[in-house]
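Just below is one structure, and these are the notes that go with it.
The values are calculated or read from the model by the stated rules, or taken from the named source; none is laboratory data. Model, not experiment: these values are computed from the prediction. As a convention, Cβ positions derive from the backbone with ideal geometry for all residues, glycine included, and neighbour counts pool all protein chains shown. Protein only, heavy atoms only, side chains kept; ligands, DNA and RNA dropped before computing areas. Shrake-Rupley method; radii C 1.70, N 1.55, O 1.52, S 1.80 Å.
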Amino acid sequence: MNVSAEMKNIIGISLLLGSLFSCSNSNFENSVTYVKIDSGLKVNIDSTNVEIRFYSPSIVRITKSPEENYDKESLSVVKKPEAVAYEVEESDNTISLVTEELALSIDKNTGAISYSLPDGNKILKEKESGVTFEPFLDLDDSTYSVGQAFTLDAEEAIYGLGILQNGKMSQRNQVVRMVQNNTWDFVPFFQSVKGYGIFWDNYSPTVFKDDQDGTQFQSEVGHGIDYYFMYGGSADAVVAEMRDLTGQAPMFPLWTYGFWQSKERYKSQKETIGVVKKYRELGVPIDGIIQDWQYWGDNYHWNAMNFLNPNFPNPQEFINQVHDQNAHIIISIWSSFGPETKPFQELKANDMLLDFPTWPLSGKDTWPPDMNYPSGVQVYDAYDPAARDIYWKYLDNGLFTLGIDGWWMDSTEPDHLNAKDEDLNNDTYLGSFRKVRNAYPLMSVGGVYDHQREKTSDKRVFILTRSAFAGQQRYAANTWSGDVVASWSALRNQISAGLNFSLTGIPYFNSDIGGFFLWDFPKKLEDPEYRELYARWLEFGAFCPMMRSHGADAPREIYQFGKKGDEIYNAIEKFIKLRYSLLPYIYSTSWKVTSEQYSMMRALSMDFVSDPKTHDINDQFLFGSSIMVAPVTQPMYFREVIANGDTTNVEDFEAVKAKEVYLPKGSDWYDFWTNEKLDGGQMISKKSPIDIIPLYIKSGSILPIGPDVQYAEEKDWSELEIRIYTGTDGTFELYEDENDSYNYEKGAYSITRFAWIQNEKQLTIDKREGSFSGMLEDRIFNVTFINDHGKSVSKTVKYEGEQITVKP
């Protein structure tokens with residue numbers, strides 16, 4: 001342990017005095033003493049105070065510090081330690097603590113902690129000499145840069161760390177500098193295929209490094225090392241423990257799972273309303289439109305939270321006209337304010353602004369920024385609860401009262417356009433900006449959620465945001481992957497980015513369908529390669545928790561890609577409609593996210609960990625429990641033509657190309673498009689015309705299919721198709737509620753359970769449980785049984801809420 005001699009001289013052992021219980025071992029030159037406390041123990045080894053505190057039988061907090069009384073109130077962790085039954089055992093070399101689910105031991109010589117199951121099966125160990133404390137002066141605070149290293153098995157896959165644009169599934173052999181930015185969102189948490197997770201509870205710039213010397217977190221600021229170890233035995237259980245620790249994910253409204261259209265930016269209320277109107281005229285489903293920036297007028301009024309732009313002359317009429325077309329609207333709000341706005345002036349008067357360059361730099365809306373006219377825009381101190389109160393006051397009075405349905409919280413990392421370290425010296429409500437840098441999105445998003453929940457329970461909070469930190473799932477936020485530059489590799493990277501993000505315990509992810517910038521496509525929508533990329537990105541987006549088209553440089557509405565009958569247009573329309581047909585499945589899965597700590601986007605290793613081939617697949621995933629998705633991430637349907645010395649791309653759909661797909665071992669799989677049944681544990685080649693991506697349904701799946709609609713709530717679910725993919729026993733729970741409001745928290749919802757028993761060749765639909773206002777008392781289920789040979793048999797039954805059975 002790297003502690004200065006001066007520091008060692010001033011560290012006492014007073015925390016051991018008056019202890020409830022203490023023990024010493026006199027066989028060592030420097031005896032080790034410990035204090036047993038209600039939920040753990042404290043021990044001093046080599047002048048470092050170590051505290052082990054159980055938060056449950058399988059979750060333990062470890063703190064280490066040269067300081068005598070290290071403690072901090074976590075910004076992420078909301079769980080309190082439990083009174084856990086455990087035993088302490090001591091030998092010459094170790095002190096061990098054992099609960100019913102976990103055993104850990106401290107090496108008396110090195111202080112390194114090892115984790116095992118109670119039966120002795122080893123899980124993880126800290127690296128010997130893996131602790132670092134380097135004295136560091138943070139503003140006027142004498143503190144440390146801190147680090148902890150672990151030793152992992154050589155072939156052990158680990159996941160998490162946030163939204164990473166590195167295209168990797170497993171994060172072994174990586175170096176990641178974790179400072180929130182536009183396209184990388186960091187959560188200092190990883191979990192292992194061995195069934196454990198590590199949450200490094202530090203908010204300062206942090207380096208995660210994995211190499212032959214170990215796996216470590218190293219943070220710039222910390223009075224102590226502070227991390228949580230959790231063991232669940234499976235990825236789902238670890239996610240559940242992380243949410244138990246940092247907060248549960250509430251339900252989104254049903255309409256958020258429909259299709260969303262946006263661009264940078266609609267410049268008038270007439271244009272925005274016109275987009276919704278055009279979709280309705282075309283008969284293409286849409287549920288949401290997004291109003292991006294500059295509805296406030298100019299950069300000096302940046303984020304005024306008011307419609308000051310003359311192109312939005314009647315805000316209330318604007319919102320009403322969107323709603324009158326059975327659509328919803330969310331609107332861009334930022335973490336910064338222009339100097340001529342009322343929020344800026346009130347925040348400044350109370351010294352609640354941070355002083356560093358942020359977007360936009362110039363008061364003129366030009367690129368590059370004209371710094372002869374600096375904007376004066378500043379980020380507000382979201383760490384200050386009084387500042388969050390001010391933020392909501394203007395948001396509520398200026399926008400929420402108009403009927404805005406949700407918030408597009410842009411730049412919540414926030415934009416920090418000067419890389420100089422001195423900018424981190426800004427003094428915030430919680431200390432230096434350096435100390436709390438990475439938690440900014442958690443605080444800013446949380447402020448909006450908490451205030452809206454306090455104001456009303458009639459309307460569920462929905463936040464779309466560009467950054468995230470551990471615990472943000474509790475604030476009804478869906479995080480998108482930032483302003484990525486469109487390319488085939490960028491599309492592929494979003495898959496592993498979303499999966500790793502979900503594995504940190506934050507379940508809601510999306511990306512700008514088509515990529516934000518088109519820098520690599522100067523011909524923009526005229527380029528057949530880009531049109532193909534857009535279609536493939538949208539097909540991937542249909543299987544993300546939010547399906548949202550957005551970008552700069554060119555509009556992305558479906559009618560920009562041709563007309564009905566054109567290949568790209570048809571593909572886009574097909575997958576938007578497919579999304580809507582899956583709403584009963586998606587909404588039921590969202591209930592599992594809330595009620596069972598489930599994950600909607602699922603790395604293959606979550607469900608097939610016993611198949612090692614799944615551990616590092618970065619371009620396939622499960623969407624919910626049943627649907628395996630293999631997005632096409634390479635171009636197939638254009639070719640280059642050279643004429644007069646110029647090379648151009650032209651569409652070429654004649655020859656159908658294929659994508660290689662791995663079918664995980666442990667299940668049989670049905671081709672979604674053809675019903676062909678295939679064995680798991682093999683690589684296959686799936687023909688993928690422009691309107692097809694490989695989709696495979698797990699044997700035993702029960703898949704509800706909803707009605708053909710133009711928006712999510714256009715038709716009730718009084719008649720649903722229920723597809724049974726036979727071959728294995730299977731279950732599904734159809735969840736229904738009021739589609740909005742928080743009455744579900746009071747039990748206002750219903751569950752209809754379906755169970756297929758393979759040996760009996762019988763489907764049982766159980767008695768409905770629960771009720772809510774507007775619930776259907778009876779309905780029609782069109783049950784389709786799909787057998788091993790891909791043949792289907794359909795039966796239509798009337799369901800009145802009592803148990804019935806159905807046979808093929």
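Below are the figures for this structure:
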read-out: Compactness index (Cα Rg / 2.2 N^0.38 Å), the range 466-577; value: 1.09
read-out: Net +/- balance of residues flanking residue 666 in space, Cβ distance below 13 Å, scoring K and R +1, D and E -1; value: -1
read-out: Helix-only [θ]222 nm of the chain, DSSP H runs n ≥ 4, -39500 (n - 2.57) each, per residue, nearest 500; value: -5500 deg cm²/dmol
read-out: From the coordinates shown, Kirkwood radius over Cα pairs in Å corresponds to which of (i) 32.5; (ii) 28.2; (iii) 30.8; value: (ii)
read-out: With DNA, RNA and ligands ignored, accessible area of residue 593 (1.4 Å probe; Å², nearest 10); value: 0
read-out: Share of carbon and sulfur in the accessible heavy-atom surface of the chain [1.4 Å probe, %]; value: 45
read-out: Above-threshold pairs, the threshold being 25 Å between Cα atoms, out of 524/564; 209/665; 125/209; 127/209; value: 209/665
read-out: Extension gain, residue 454 back to residue 78 (0.36 nm per residue minus Cα-Cα distance, nm); value: 133.5 nm
read-out: Accessible surface, the chain, averaged per residue in Å² (probe 1.4 Å); value: 37
read-out: Exposure rank, largest accessible area first [796, 412; 1.4 Å]; value: 796, 412
read-out: Relative contact order, percent, the chain [alpha-carbon distance under 8 Å, six or more residues apart]; value: 10
read-out: Rounded if a/c under 1.5, otherwise prolate or oblate - the range 84-228, Cα gyration tensor axes; value: oblate
read-out: FRET E, pair residue 121, residue 317, Förster distance 60 Å, beta-carbon r, rounded to 0.05; value: 0.35
read-out: FRET efficiency for residue 526 and residue 714, using Cβ-Cβ distance with R0 set to 30 Å, rounded to 0.05; value: 0.30
read-out: Label-point gap, in nm, between residue 613 and residue 563 - each point 7 angstrom along Cα→Cβ; value: 4.7
read-out: Local net charge near residue 146, Cβ-Cβ under 10 Å (Lys/Arg +1, Asp/Glu -1); value: -2
read-out: Sparse-neighbourhood loop sites, trypsin sites (Lys or Arg not before Pro) in the range 137-195 - DSSP loop, at most 10 other Cβ within 10 angstrom; value: none
read-out: Distance (nanometres) between label positions extended 7 Å along Cα→Cβ at residue 38 and residue 87; value: 2.4
read-out: Antiparallel DSSP beta bridges within the chain, as percent of all bridges there, nearest 5; value: 80
read-out: Under-5 Å amide H pairs with residue 328, H placed in peptide plane, nonlocal only; value: 288, 289
read-out: Virtual spin-label span in nm between residue 788 and residue 211, 7 Å along Cα→Cβ; value: 5.4
read-out: Extension gain (nm, one decimal) between residue 671 and residue 181, 0.36 nm per residue minus Cα-Cα; value: 172.5 nm
read-out: Net +/- balance of residues flanking residue 687 in space, Cβ distance below 9 Å, scoring K and R +1, D and E -1; value: +3
read-out: Nearest-0.05 FRET efficiency for residue 425 and residue 656, computed from C-beta distance (R0 60 Å); value: 0.50
read-out: Across 278/715; 270/715; 698/791; 263/563; 577/698; 577/687, pairs whose alpha-carbon gap is larger than 24 Å; value: 270/715
read-out: Amide H contacts under 5 Å for residue 771, placed H, 5+ residues apart; value: 749
read-out: Heavy atoms of residue 332 accessible to a 1.4 Å probe, total area in Å² rounded to 10; value: 0
